[in-house]
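Here is the structure we will look at, set down as structure tokens.
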Amino acid sequence: MSSPSGRMRARRSAGLAGEGRAPGDKSISHRALIFAALSNGDCEISGLLEGDDVLRTAAALRALGAEVERRGRDWRVSGGPWKTPGHALYFGNSGTGARLLMGAVAGAGVAAVFDGDASLRGRPMGRVLEPLRMMGVNAVDNDGRLPVSIEGGSDLSAVTCKLAKPSAQVKSAILLAALGAEGLTRVHEPQRSRDHTERMLNAFGVELGFESDGGPGRIISLQGMQQLHAANVVVPGDPSSAAFAVAAAVITPGSDLTIKNVLVNPLRAGFYETLRDMGADIAFENKREESGEPVADIRARHSILHGVEVPATRAPAMIDEYPVLAVVASYAIGETMMRGVEELRVKESDRIAAAEAGLVACGVDVKSGPDWLRVKGDGKAPHGGALVKTHHDHRIAMSFLVMGLAAKEPVEIDDAAMIATSFPDFSALMAGFGADMAPVS
Ligand code: S3P
């Protein structure tokens, strides 16, 4: 089942209830495919997200010489030496696929051209290319953007670098390139960002070093020329996707639902922490570990919410969840202030502008600045009754469909197509909980 394209409408729904599963984690799915393709053998991946973004990464890896195929419900990847593909690699809307593979291509000592859709062509790539160039990679860009061509050499050198901003994509690209560089590469992240690359490299037999920087960041070191050893990966459910169902439950009166098997890595759990600060009734049940990552079943019930100040230090742990948090905040009593969110301006869309415009259209009191977003609610359902522009951004699309489930009037989005990049079964899952969402004919 896949999400429809074109306009879609969500209407005020009765309490959402039941159990469901979120799709596989997008970040872990990209990494599982890439690391398996860099390994020395056959790897099984179960629970892989089969969204457009991840399927682009799979296609790029095939072009780079890996065998990647679906076998029944799982995926099988045979790693081995990479080759220079005969055509440009096309990443569609996927920043993670493009940026991680720039590092991996460089480290593997091959060459490739990277391209993507209009949104991805507008996003900054210099943050990845600069450190790669410091390592000796030959990179040609288009004013810091795609198309980019990368030529990894056989003589890359290790680097020590401090990231200007916390970014798991940039950190991962450097570590992947460092696999093919002589010497010890050290990456200093000023604040900790999601650590799936570090955890999964470990699971593939790569040794890494970790040092605290005495503050919120840490230094990760990796000795070059290490071989990845084939390993199997079980991908847990995506907390960034589960966030939409959880948000819908906390704002829709009478709701009580559970999303099973969700990744609850603390570096991804900022949204859930913030909801709890707002007074939401959320429980992580049946906590366990799978493939080196913590997972749990998340139970969420309708709650009376209060506005909060979301600290800037929490941004890396919930960077993709701000649009849906802004929607939730419009149902809370008082002001929710989100600071330190300037990175939202360079995601799949300018998410500060897109969220603000959608909320204004729905009758919500909202203001923004270069790096902040403030939403005021009075504890009553917002008016809704608007057609919201998604700017081809999957998270804006899902956020405003959630908005419509409890607003006074239905909320429509201009295009549901991009939802398939990260959450192909979104509308089916939500319908299973009783959400009234349908394409507009
Ligand atoms: C991701 C890192 C984040 C996030 C993106 C996925 C990853 O981006 O927004 O959706 O898988 O490493 P940044 O690293 O640019 O913050």
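Listing for the model above:
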| quantity | calculated |
| --- | --- |
| Residues that are within 17 Å of F271 (Cβ to Cβ), more than 13 Å from the ligand (Cβ to nearest atom) and either free of Cβ contacts under 8 Å to residues at least 12 places away in the same chain or surrounded by 24 or more Cβ atoms within 10 Å (Cβ to Cβ) (or both), drawn from region 331-365 | Y331, A332, T336, M338, I352, A355 |
| Out of L429, L405, sole residue that is open to solvent by less than 10 Å² (accessible area, probe 1.4 Å) and at negative phi | L405 |
| Verdict on S241 being touching a residue at least 60 places away in the same chain (Cβ under 8 Å), among the hydroxyl-bearing types (S, T, Y) and within 15 Å of the ligand (Cβ to nearest atom) | yes |
| Filter result (open to solvent by less than 10 Å² (accessible area, probe 1.4 Å), in a helix (DSSP H, G or I) and either closer than 20 Å to S303 by Cα or of a type in the set (A, V, I, L, M) (or both)) within region 261-273 | G270, F271, Y272 |
| Unmet requirement for F204, which otherwise passes all of (1) open to solvent by 10 Å² or more (accessible area, probe 1.4 Å); (2) away from the ligand (no atom under 12 Å from the Cβ); (3) under 23 Å from N40 (Cβ atoms) | (1) |
| Subset tally (residues that are crowded, with 22+ Cβ neighbours inside 10 Å and of a type in the set (G, A, S)) for region 62-88 | 2 |
| L146 modelled with pLDDT of 95 or more, within 19 Å of G180 (Cα to Cα), touching a Leu at 6+ places or on another chain (Cβ under 9 Å) and open to solvent by less than 30 Å² (accessible area, probe 1.4 Å) | no |
| Set G122, G107: member being modelled with pLDDT of 95 or more, surrounded by 18 or more Cβ atoms within 10 Å (Cβ to Cβ) and either within 13 Å of the ligand (Cβ to nearest atom) or in the same structural domain as L156 (by TED's automatic domain parsing) (or both) | G107 |
| Residue pairs meeting the criteria (Cβ under 9 Å; at least 6 apart or on separate chains; first over 23 Å from Q169 (Cα atoms), in region 302-329; second modelled with pLDDT under 95 and surrounded by 21 or more Cβ atoms within 10 Å (Cβ to Cβ)) | none |
| Residue tally, condition more than 16 Å from the ligand (Cβ to nearest atom), charged (D, E, K, R) and touching a residue at least 24 places away in the same chain (Cβ under 8 Å), over region 130-178 | 2 |
| Verdict on S154 being modelled with pLDDT under 95 and open to solvent by 20 Å² or more (accessible area, probe 1.4 Å) | yes |
| Identity of the residue in region 293-318, outside any strand (DSSP E or B) and within 16 Å of the ligand (Cβ to nearest atom), that ends up most open to solvent (accessible area, probe 1.4 Å) | T313 |
| From A98, A59, residue being open to solvent by less than 20 Å² (accessible area, probe 1.4 Å) and either assigned by TED's automatic domain parsing to the domain that holds G122 or in contact (Cβ under 8 Å) with a residue 60 or more places away in the chain (or both) | A98 |
| Single condition H188 does not satisfy, out of (1) open to solvent by less than 20 Å² (accessible area, probe 1.4 Å); (2) more than 12 Å from the ligand (Cβ to nearest atom) | (1) |
| Which numbered condition V388 misses (of (1) in contact (Cβ under 8 Å) with a residue 24 or more places away in the chain; (2) out of contact with any Cys (no Cβ under 9 Å at 6 or more places or on another chain); (3) of a type in the set (A, V, I, L, M, F, W, C)) | (2) |
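Quick grid of which residues meet (1) in contact (Cβ under 8 Å) with a residue 60 or more places away in the chain; (2) crowded, with 16+ Cβ neighbours inside 10 Å; (3) within 16 Å of the ligand (Cβ to nearest atom):
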| position | (1), (2), (3) |
| --- | --- |
| A181 | yes, yes, no |
| R199 | yes, yes, yes |
| A230 | yes, yes, no |
| V246 | no, yes, no |
| T258 | yes, yes, no |
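The values are calculated or read from the model by the stated rules, or taken from the named source; none is laboratory data. For clarity, every value in this text was computed on a predicted model and none was experimentally measured. Positions of Cβ are generated from backbone atoms using ideal geometry, with glycine treated the same way; all protein chains shown enter the neighbour counts. Accessible surface is based on the protein model in full, side chains and every heavy atom, while ligands, DNA and RNA are left aside. Shrake-Rupley method; radii C 1.70, N 1.55, O 1.52, S 1.80 Å.
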